[in-house]
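Okay, structure first, notes after.
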Amino acid sequence: MPEMNAESRLAALEAKEELRAFIAEYCRACDSMNGEAVAALFTPDATLRNAAGDHAGRDAIRAYYSGFFDGKVAFSRHHALNQGDHLVQ
């Protein structure tokens, strides 16, 4: 990996921390079982891909999570892995 100057290292650290903060907020929203809060984390044109299929757009993501949390589950469980270190160099 090429040597990075202080400004580049700081930018990389800030980007990594932003990703970690986003993941933590996602986990909090899932823990609260609030489909609106989870959907608010996505851009309006985002596509969520999971085992249940593709959910295109924030409204579809909101509907998926709201339906998932609406009496179908009693608790939230998540596995936050690979928190962006591979995305920022």
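Remark: residue 77 matches the filter, which requires a residue to be modelled with pLDDT under 90, assigned to a loop (DSSP other than H, G, I, E, B) and open to solvent by 50 Å² or more (accessible area, probe 1.4 Å). Filtering the range 1-39 to residues that are in contact with a helix residue (DSSP H, G or I) (Cβ under 8 Å, 6 or more places away or on another chain), open to solvent by less than 90 Å² (accessible area, probe 1.4 Å) and in a helix (DSSP H, G or I) leaves 26, 29, 30, 35, 37, 38, 39.
Among the residues of the range 40-55, how many are small (Gly, Ala, Ser) and open to solvent by 90 Å² or more (accessible area, probe 1.4 Å)?
1
A count restricted to the range 25-56 and to residues that are among the aliphatic types (A, V, I, L, M) and at pLDDT below 90 stands at 3.
The values are calculated or read from the model by the stated rules, or taken from the named source; none is laboratory data. Keep in mind the model is a prediction, meaning the values are calculated, not measured. Cβ: placed from backbone, ideal geometry, glycine included. Neighbour counts: every protein chain shown. Accessible surface areas use protein heavy atoms only, side chains included; no ligands, DNA or RNA. Shrake-Rupley method; radii C 1.70, N 1.55, O 1.52, S 1.80 Å.
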